[in-house]
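Heads up, the thing below is written out as structure tokens.
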Amino acid sequence: MNNFERVAVIGLGYIGLPTAAVFAENGIEVLGVDIHPRIVDTVNEGRPHFGEPNLDALVRRVVESGKLRASTELRPADAFIIAVPTPLRGSHQAPSPDLSYVQSAVQSIAPVLKGGDLVVLESTSPVGTTQWIAELLAQLRPDLTFPHQKGELAMIQIAHCPERVLPGRILEEVINNPRVIGGLTRKCAQRALALYRIFARGECRVTMARTAELSKLTENAFRDVNIAFANELALVCDRLKINPWELIKLANLHPRVNILQPGPGVGGHCIAVDPWFVIATNPEETKLIRAAREINDARPEFVCEKVRGCASSLKNPVIACLGLSYKRDVDDLRESPAVEIVRRLAEERIGALLVVEPHISALPPELSKLGLELHDFDMAIERANVVLLLVDHMSFLQIDRNLLNDKIVIDTRGAW
Ligand code: SAJ
């Protein structure tokens, strides 16, 4: 019953590909499915299509050993793992999670599903999505029975097992992090537990699917609220002319206080997005979570206002904008507040902008179409009269401070 010989992973992105590879490394025959032929071809050549430490060697090994194959088409398997994007649509007044990729994945699973199979949703999703998958599959396959119809006696088991890995440490964390495994029934959870036990070394806690769904959203909302607290303190400090980073360091000397860091805003595809999944379905109950989102979303404008203030005192402002990624030492620009700040400054033609981002080789189109170019760090520092530090990349922190002596410095990360 708990034997899994073949596992299919649908969606070969940041989560799906590493997950497929670690199953394959543990002897499972894995089919990775993606709608993009380019991704499928790259994986079949034994290469990941994005940068992540140690993933290259692992993907090469499991493709060479024949354990991992990629395709645009799904085939029968014993377990199906859905790891597709769940973006946010609509305005912040009416946020609405887009489940269309999950729906397409479910539609591709339905024709190949057979009694005894397990379906696992890994994608971050609003509460109720796992149950919705069961209902969709029941409509598409009336010949099979599902947990919401037959409980423990259902022919198909369905569970939610959210990923919790940190980009940059995905492989290590996918194997070692604790996992929350939520089943539509107890049997669903036990079967999913048996699946993840194949590679997971961290503690695996079993619960109901709805609790697992909210648990993942809660983790990222917790972090967002706590960053918003730091950003609100930074506003208070700005008015009172107190250094917020020093203040927080001092307050954190208290053994039960642990305040996070203020910054130019919250980026990435998780923390800035997931809280909206809770707000969308519970608008009345989520005043704090919404306020936190709004405080963090207002940070780029706060930074722009600082830059405007400095630029207005100069005849020819030349502004070195250091960093574009959403956090230090990654090349990921998704939802990055730094990109938003640079775009606004460029649109307002506030001065000459010298953009520096050592982790990318070309600017994203939204910036290049504004006439911006990537610049070398040393040259940008030399030419600038305003230095705007947006990301605390290690390479920026090693700068000789004497080079900043005659410049206006705006350090949004408290790094210098
Ligand atoms: N940030 C601050 N101040 C801080 C900490 C972070 O402004 O004190 C900003 C960062 O600069 C960045 C954003 O917040 O723009 C998020 O960065 P992060 O490193 O905190 O998190 P992510 O988005 O890279 O990864 C998160 C992780 N979630 C948690 O820590 C609760 C990870 O475990 C999740 O798996 C991932 O989201 C996800 O997939 O949801």
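For this structure, a couple of remarks:
- Considering the range 240-302, the qualifying helices (runs of 4 or more DSSP H), each wholly inside and each with 2 or more residues that are among the β-branched types (V, I, T) and under 18 Å from D224 (Cβ atoms), run over 274-281, 287-297.
- Where A228 falls short, out of the listed (1) closer than 17 Å to Y326 by Cα; (2) within 8 Å of the ligand (Cβ to nearest atom): (2)
- Flag for L184 being open to solvent by 10 Å² or more (accessible area, probe 1.4 Å), closer than 24 Å to D78 by Cα and out of contact with any Lys or Arg (no Cβ under 6 Å at 6 or more places or on another chain): yes
- Filter pass, D392 being open to solvent by 20 Å² or more (accessible area, probe 1.4 Å), within 16 Å of the ligand (Cβ to nearest atom), more than 26 Å from W276 (Cβ to Cβ) and outside any helix (DSSP H, G or I): yes
- Among residues of the range 146-173 being within 22 Å of G267 (Cβ to Cβ) and assigned to a helix (DSSP H, G or I), the one that is nearest to the ligand (Cβ to nearest atom) is E173.
- Matching residues in the range 174-227 - criterion: being within 18 Å of T129 (Cβ to Cβ), of a type in the set (A, V, I, L, M, F, W, C), part of a helix (DSSP H, G or I) and without any contact (Cβ under 8 Å) to a residue 40 or more places away in the chain: A189
- For beta carbons closer than 6 Å, sequence separation of 6+ or different chains, a first residue in the range 91-120 that is touching a residue at least 60 places away in the same chain (Cβ under 8 Å) and a second that is open to solvent by 50 Å² or more (accessible area, probe 1.4 Å) and part of a strand (DSSP E or B), the qualifying pairs are S96/R89.
- The residue that is farthest from the ligand (Cβ to nearest atom), among those in the range 286-337 that are of a type in the set (D, E, K, R) and more than 17 Å from C270 (Cα to Cα), is K315.
The values are calculated or read from the model by the stated rules, or taken from the named source; none is laboratory data. These numbers come from a predicted model, not from an experiment. All Cβ positions, even for glycine, are placed from backbone atoms using ideal geometry, and neighbour counts span all protein chains on display. Ligands, DNA and RNA are excluded from the accessible area calculation, which covers all protein heavy atoms including side chains. Shrake-Rupley method; radii C 1.70, N 1.55, O 1.52, S 1.80 Å.
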